[in-house]
Amino acid sequence: MAFASGTRLFKDSRLGLLLALLAAGSMWFYVQRVLVPYQRADAAAHGRPRGNLSDLYPRWLGTRELLLHHRDPYSPEVTREIQNGYYGRPLDPERPDDPRDQQGFAYPLHVIFLLAPTVGLPFPVVQAGFRWLLVILTLASVLLWLQVLRWRPSVAMTAIVIVLTFGSYAVVQGIKLQQLTLVVSALLAGSTAALVAGQFSLAGLLLALATIKPQLALPVAGWLVLWAVSDWRRRQLFVWSFALTTVIFLAASEYVLPGWMAQFRHAVADYRQYTGGAGSLLDVLATPVLGKILAVVAVLGVVVMGWKLRRASRDSLAFSTMLALVLAVTLVIVPSFAPYNQVLLLPAVFLIANSWRDLWSRDGLTRLACGVGLLVVGWPWLASFGLILAARFVPASSVEKAWAVPLYTSLGIPLVVLGLLSTCARDRLQTSSSPM
């Protein structure tokens, strides 16, 4: 009853929007006034360098050096120049407190074709423009995922969803760090929305662009290619568009820098080495062995469901649900657990929100899972608001000591979302048809 009353209050558009703004404001306050000052103080205390700290910078500088000066972006020389800008000085292996992440150009080379128009501009200009681009792309992602999931909330509820998205730690971190994951998320949203609209050529093009982060895009690509091949006569244009665009990118990359694939593999291997193996979320929460077993189980589950739904219509509930499930599983098995990657959970979270009433009324165990999920997902906002209150009564240095509190549930968010999504998907697929 208490939850139902809370839900009715939240559905009041003015109160709901006020709560959303309060949550988003709390998160931005936490990052700007607690987390960043703590990181600066900690870096100063340990002599760790801090430069522009923009995740865009290594890719931008590598692109500039290749296109303007014909230098290998994967080379140690360019990596040291990247460190000059990113950290403020090259890293020193003799200093134990220096960061381990070398910030090399560890991306497929075709990322240069997205960044090529910016290489003639000063990086501060590129940085400012890219920050606004991420805002626009994130807004577009929200609207596109709502379209893909066939969820048409009211204008007020849409505004609440947008505010909460921009107030999530994943998006805040992504914008602050200028992470290309937000670009990939928008490309995946655009690709699937184009598929739903029947624009197969555009969908294939956007999906190929998203492979600048192959670990995030390829699982979705695998499912969509299987889906397209299962009705080749009507869907083959998507496969041809994706394949042709990918081949063009690979061929152009090889022309610009012959042998780049071997260097890219070497850069990825180096990255995994100096990040301690870069295990998956399951590896971290369980053990490397158990984590890999659970990852195999999760992948097999998705493969079985994907095979059953391979003939689903592009505008069916089964199709959109499968997309959300593939993205959620990707987050728990990909060899990286950076919070900004959780932006790919947006379709899963939206699907759960749209089905919340049915989930809550299902049975006691599901209701308990919903309560746990709500606490895990909502904890960062609750804790951030608590820090705002604490900042009024205690010194800033004391508040900064609690910098980790809003992140306590960060590792659990993908798992609880995947669990609730699995229950939600089962219910939706049992009550919906999958047209041929």
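Condition test on Arg362, is it of a type in the set (Lys, Arg) and either under 24 Å from Leu143 (Cα atoms) or in a helix (DSSP H, G or I) (or both)?
no
Against the definition (touching a Ser or Thr at 6+ places or on another chain (Cβ under 7 Å) and within 27 Å of Ser141 (Cβ to Cβ)), how does Leu344 come out, yes or no?
yes
Report every pair of residues separated by at least 6 positions or lying on different chains whose Cβ atoms are under 9 Å apart, first residue within region 142-162 and at positive phi, second part of a helix (DSSP H, G or I) and loosely packed, with under 14 Cβ neighbours inside 10 Å.
The qualifying pairs do not exist here.
Assess whether Ser75 counts as being surrounded by fewer than 20 Cβ atoms within 10 Å (Cβ to Cβ) and either more than 30 Å from Leu387 (Cα to Cα) or within 24 Å of the chain's Cα centre (by Cα) (or both).
yes
Can you pull out the residues in region 41-57 that are assigned to a helix (DSSP H, G or I) and either under 18 Å from Arg95 (Cβ atoms) or within 24 Å of the chain's Cα centre (by Cα) (or both)?
Result: Asp42, Ala43, Ala44, Ala45, His46, Leu56, Tyr57.
Does Gly204 fit the bill of being loosely packed, with under 14 Cβ neighbours inside 10 Å and out of contact with any Lys or Arg (no Cβ under 8 Å at 6 or more places or on another chain)?
So Gly204 does not fit the description; no.
Any residue in region 308-317 that is part of a helix (DSSP H, G or I), in contact (Cβ under 8 Å) with a residue 12 or more places away in the chain and closer than 21 Å to Val196 by Cα?
Within region 308-317, one or more residues are part of a helix (DSSP H, G or I), in contact (Cβ under 8 Å) with a residue 12 or more places away in the chain and closer than 21 Å to Val196 by Cα.
When the residues of region 207-250 are filtered to those that are hydroxyl-bearing (Ser, Thr, Tyr) and assigned to a helix (DSSP H, G or I), which remaining residue is nearest to Val329 (Cα to Cα)?
The residue in question is Thr246.
Can you name every residue in region 368-390 that is closer than 24 Å to Leu418 by Cβ and among the β-branched types (Val, Ile, Thr)?
Once the filter is applied, which keeps residues that are closer than 24 Å to Leu418 by Cβ and among the β-branched types (Val, Ile, Thr), region 368-390 yields Val372, Val376, Val377.
Got at least one residue in region 393-400 being buried (at least 18 other Cβ atoms within 10 Å of the Cβ) and within 22 Å of Phe166 (Cα to Cα)?
no
Does region 287-302 contain at least one residue that is free of Cβ contacts under 8 Å to residues at least 40 places away in the same chain and basic (Lys, Arg)?
Yes, the conditions are met somewhere in region 287-302.
If you check every pair at least six apart or on different chains, which have Cβ atoms under 6 Å apart with a residue in region 78-89 that is on the phi < 0 side of the Ramachandran plot first and a residue that is outside any helix (DSSP H, G or I) and surrounded by fewer than 18 Cβ atoms within 10 Å (Cβ to Cβ) second?
Val78/Arg71; Arg80/Pro90; Gln83/Pro90; Gly85/Gly51; Gly85/Asn52; Tyr86/Gly51; Tyr87/Gly51
For region 122-141, what are the residues that are free of Cβ contacts under 8 Å to residues at least 60 places away in the same chain and closer than 27 Å to Ala203 by Cα?
Selection gives Gly129, Arg131, Trp132, Leu133, Leu134, Val135, Ile136, Leu137, Leu139, Ala140.
Restricting attention to region 164-182, report how many residues are surrounded by 21 or more Cβ atoms within 10 Å (Cβ to Cβ) and part of a helix (DSSP H, G or I).
Adding up the residues that qualify gives 10.
Before we move on, is Val119 in contact (Cβ under 8 Å) with a residue 40 or more places away in the chain, buried (at least 22 other Cβ atoms within 10 Å of the Cβ) and aliphatic (A, V, I, L, M)?
no
Being modelled with pLDDT of 95 or more, part of a helix (DSSP H, G or I) and out of contact with any strand residue (DSSP E or B) (no Cβ under 9 Å at 6 or more places or on another chain) narrows it down to one residue among Leu411, Leu382; which is it?
Leu382
The values are calculated or read from the model by the stated rules, or taken from the named source; none is laboratory data. This is a predicted model, so every value here is computed, not measured. Cβ: placed from backbone, ideal geometry, glycine included. Neighbour counts: every protein chain shown.
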